[in-house]
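The values are calculated or read from the model by the stated rules, or taken from the named source; none is laboratory data. Quick caveat, the model's predicted, so the values are computed rather than measured. Positions of Cβ are backbone-derived with ideal geometry, glycine not excepted, and every protein chain shown enters the neighbour counts.
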Amino acid sequence: MSKKNFMSGLDSLLGEEKLKNNKEIRLESNKTIKQANNKTISCVSNKVGKEKATFNLSKQLLQDLEDTWIKIRKDRRDKKVSKTEIVEFAIQQLLTEFKIIKPESKLYSFIASNKRTIR
């Protein structure tokens with residue numbers, strides 16, 4: 001079975017919704033699929049519009065994120081708040097500022113500087 005045929009079959013079995021650039025948006029549910037060669041593939045549902053990404057962050061920044069996350073959860077007694085929500089909000093704020101005031105934005109100033117270290 002060719003990779004193209006396999007992926008096409010996988011798409012139809014999983015009920016994926018895709019963007020024009022073929023990036024995954026959502027899986028309807030957790031499913032296990034058995035290939036013709038008896039190998040099993042497990043697929044886990046993801047929230048609509050979410051895509052997993054990996055970035056390298058400094059140890060200090062990760063510690064600050066952890067401390068902030070714990071403080072918010074403790075102060076609000078809200079165990080549902082996630083680090084992802086905090087990071088998404090921070091990035092969105094930075095990008096919105098950049099779109100509005102470009103050269104005067106914190107992001108532009110940081111990238112334009114020769115130092116390029118957060119701490």
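Miscellaneous remarks
So that you can scan it fast, the table gives a plain yes or no per residue for (1) out of contact with any helix residue (DSSP H, G or I) (no Cβ under 7 Å at 6 or more places or on another chain); (2) within 18 Å of PHE110 (Cα to Cα); (3) β-branched (Val, Ile, Thr); (4) modelled with pLDDT under 95:
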site: GLU51; (1), (2), (3), (4): yes, no, no, yes
site: THR54; (1), (2), (3), (4): yes, no, yes, yes
site: LEU57; (1), (2), (3), (4): yes, yes, no, yes
site: ASP67; (1), (2), (3), (4): yes, no, no, no
site: VAL81; (1), (2), (3), (4): no, no, yes, yes
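- The residue pairs whose first member lies in region 57-71 and is touching a residue at least 40 places away in the same chain (Cβ under 8 Å), whose second member is loosely packed, with under 11 Cβ neighbours inside 10 Å and not hydrophobic (A, V, I, L, M, F, W, C), and whose beta carbons are closer than 7 Å, counting only pairs six or more residues apart or on different chains, are SER58/ARG119; GLN60/ARG119.
- Residues in region 54-82 that are part of a loop (DSSP other than H, G, I, E, B) and exposed (fewer than 11 other Cβ atoms within 10 Å of the Cβ): THR54, PHE55, ASN56, ARG77, ASP78, LYS79, LYS80.
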